[in-house]
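J.: Starting off with a structure, shown below.
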Amino acid sequence: MITFLSGGTGTPKLLRGVQKIMDRHEISVVVNTAEDIWISGNHISPDVDTVMYLFAGVLNTDTWWGLRDDTFTTHGEIQKMGLGEYIAIGDRDRAVHIARGNLLRDGQRLTNITRTLCDRFGVRENVLPMTDTEVTTRVKTELGLIHYQEYWVRSRGQIPIEDVVRCSKVPPESTEEVLRAIEASEVVVIGPSNPITSITPILECKGIREAMADRFVIAVSPFIGDAPVSGPAAALMRASGYEATSAGTVQCYGDLVDLFVQDVRDPVEVPGAVRFDTLMTGEEKSLELAKNILMLAEQQGPAA
């Protein structure tokens, strides 16, 4: 088995290829939940849903969020009422948020809720929220701290940020399910997701680094030169004190990584790195990178 650490765009593109060449029961994905948010009384777990929808074969891969061919009637009516729902939520997607919110209010764990939802969608892969603890990524601006979704969706990443802050009432802990998945894997792959808002929140959960210390860890860079393949990773890296490059990504992850993968076009030199084409512009490119990553994983032991 291989465990992947994932955010909501870069790593799912890699998983799109992985699911075509691995036994689906041998895939575990630990997913960032620090971008979760309550909207219109319902609970959105955007990164979890992207992975779940991908494995279910219903993800809108034009946007890499939401359900393919969804409608937005309810969102349109809410907008007419001036209620300020700044995230465009599809009608069928909203049903998932309603179900999750109700189950959370009933006191169920996010891990169990995710398993229930995955079962309903026919997902056989092991999709795991990074924690059952509520934790939120906020960014510091001249107006104060705002939720990451307000920065990236409402403000389209166009406002200057000074820092990235993780907020939670109690320190987040990895779940038993996450730790068991890692223990059952000889290889852990940190996908090409945003290091600051997608991967670091997972690594900050109590127990995760200790569990990964005994595993061979492959990390895939989300950068080509000083530009991320997608999203606001560059601004967030700089605000967190790191160079917005592959070298900065290595520094961010520290000694946790055993093998680093960067793009063949990347002008930044990372000693010891392996180079592949990491620009997954379509299914074939995702499949090609997945084959290369699994080739590296297979060299580490039979669990891959």
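The values are calculated or read from the model by the stated rules, or taken from the named source; none is laboratory data. Bear in mind the structure is a predicted one, so any value in this text is a computation, not a measurement. Reconstructed Cβ throughout: ideal geometry from the backbone, glycine too, with neighbour counts over all protein chains shown. These area figures cover heavy atoms from the full protein model, side chains too; ligands, DNA and RNA do not enter into them. Shrake-Rupley method; radii C 1.70, N 1.55, O 1.52, S 1.80 Å.
J.: So, of the residues in the range 249-276 that are small (Gly, Ala, Ser) and free of Cβ contacts under 8 Å to residues at least 24 places away in the same chain, which turns out to be farthest from Trp152 (Cα to Cα)? It would help to see each step written out before you state the result.
T.: As a first pass, look at the range 249-276 and keep what is small (Gly, Ala, Ser): 254, 272-273.
Now narrow it down to the ones that are free of Cβ contacts under 8 Å to residues at least 24 places away in the same chain: 254, 272.
Working: Gly254: 26, Gly272: 34 Å.
Applying the filter and picking the extreme gives Gly272.
J.: A further question on this structure: Every residue in the range 161-189 that is open to solvent by 90 Å² or more (accessible area, probe 1.4 Å) and touching a residue at least 60 places away in the same chain (Cβ under 8 Å), please.
T.: Of all residues in the range 161-189, those open to solvent by 90 Å² or more (accessible area, probe 1.4 Å) come to 162, 169, 171, 173, 176, 180, 183.
Residue satisfying the conditions is Glu162 alone.
J.: Oh, and also: On the given criteria, is Phe260 of a type in the set (Phe, Trp, Tyr) and more than 20 Å from the chain's Cα centre (by Cα)?
T.: no
J.: Checking the conditions here, which among Leu110, Leu103, Leu128 is more than 19 Å from Asn42 (Cβ to Cβ) and at pLDDT 95 or above?
T.: Leu128
J.: What is the residue count in the range 284-299 for residues that are open to solvent by 100 Å² or more (accessible area, probe 1.4 Å) and part of a helix (DSSP H, G or I)?
T.: Just the residues of the range 284-299 that are open to solvent by 100 Å² or more (accessible area, probe 1.4 Å), to begin with: 284, 291, 298-299.
When the remaining residues are screened for being part of a helix (DSSP H, G or I), the result is 284, 291, 298.
Number satisfying all stated conditions: 3.
J.: Please find, within the range 81-100, the residue that is farthest from Gly41 (Cα to Cα) out of those that are among the acidic types (Asp, Glu) and touching a helix residue (DSSP H, G or I) at 6+ places or on another chain (Cβ under 6 Å).
T.: Keep residues of the range 81-100 that are among the acidic types (Asp, Glu), which gives 85, 91, 93.
Within this subset, residues satisfying the condition of being touching a helix residue (DSSP H, G or I) at 6+ places or on another chain (Cβ under 6 Å) are 85, 91.
Working: Glu85: 11, Asp91: 14 Å.
Here the residue is Asp91.
J.: While we're looking at this one, here's another question. Take the range 141-160 and flag every residue that is of a type in the set (Lys, Arg) and surrounded by 16 or more Cβ atoms within 10 Å (Cβ to Cβ).
T.: None - no residue of the range 141-160 is of a type in the set (Lys, Arg) and surrounded by 16 or more Cβ atoms within 10 Å (Cβ to Cβ), so the list stays empty.
J.: When the range 8-23 is examined, which residues are found to be modelled with pLDDT of 95 or more and either surrounded by fewer than 21 Cβ atoms within 10 Å (Cβ to Cβ) or not aliphatic (A, V, I, L, M) (or both)?
T.: Pass one, the range 8-23, residues modelled with pLDDT of 95 or more: 11-23.
Answer for the range 8-23, where residues must be modelled with pLDDT of 95 or more and either surrounded by fewer than 21 Cβ atoms within 10 Å (Cβ to Cβ) or not aliphatic (A, V, I, L, M) (or both): Thr11, Pro12, Lys13, Arg16, Gly17, Gln19, Lys20, Ile21, Met22, Asp23.
J.: Follow-up question, since we're still on this one. Go through the residues of the range 80-93 one by one and say whether even a single one is open to solvent by 60 Å² or more (accessible area, probe 1.4 Å), farther than 26 Å from Cys205 by Cα and part of a helix (DSSP H, G or I).
T.: yes
J.: Using beta carbons and a limit of 7 Å, which pairs, at least six apart or on different chains, have the first residue in the range 136-150 and without any contact (Cβ under 8 Å) to a residue 24 or more places away in the chain and the second one open to solvent by 10 Å² or more (accessible area, probe 1.4 Å) and among the acidic types (Asp, Glu)?
T.: Thr141/Glu162
Quick grid of which residues meet (1) more than 21 Å from Met22 (Cβ to Cβ); (2) open to solvent by 10 Å² or more (accessible area, probe 1.4 Å); (3) in a helix (DSSP H, G or I):
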| residue | (1), (2), (3) |
| --- | --- |
| Thr50 | no, no, yes |
| Thr63 | yes, yes, no |
| Ile98 | yes, yes, yes |
| Gly101 | yes, no, yes |
| Arg115 | no, yes, yes |
| Val127 | no, no, no |
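J.: Quick check on my filter: what residues within the range 24-46 are open to solvent by 10 Å² or more (accessible area, probe 1.4 Å) and under 10 Å from the mean Cα position of the chain (by Cα)?
T.: Within the range 24-46, Glu35, Pro46 meet the criteria.
J.: If you don't mind, another one. Only residues that are modelled with pLDDT of 95 or more, farther than 15 Å from Ala273 by Cβ, part of a loop (DSSP other than H, G, I, E, B) and open to solvent by less than 60 Å² (accessible area, probe 1.4 Å): list them for the range 204-239, please.
T.: The answer is Cys205, Gly207, Arg215.
J.: Another question about this same structure. Assess whether Val261 counts as being crowded, with 19+ Cβ neighbours inside 10 Å, in contact with a Ser or Thr (Cβ under 9 Å, 6 or more places away or on another chain) and part of a loop (DSSP other than H, G, I, E, B). Spell out the reasoning first.
T.: On the way: crowded, with 19+ Cβ neighbours inside 10 Å: yes; in contact with a Ser or Thr (Cβ under 9 Å, 6 or more places away or on another chain): yes; part of a loop (DSSP other than H, G, I, E, B): no.
It is false that Val261 is crowded, with 19+ Cβ neighbours inside 10 Å, in contact with a Ser or Thr (Cβ under 9 Å, 6 or more places away or on another chain) and part of a loop (DSSP other than H, G, I, E, B).
J.: Name, by its number, the condition in (1) of a type in the set (Ser, Thr, Tyr); (2) open to solvent by 40 Å² or more (accessible area, probe 1.4 Å); (3) touching a residue at least 40 places away in the same chain (Cβ under 8 Å) that does not hold for Thr73.
T.: Thr73 satisfies every listed condition except (3).
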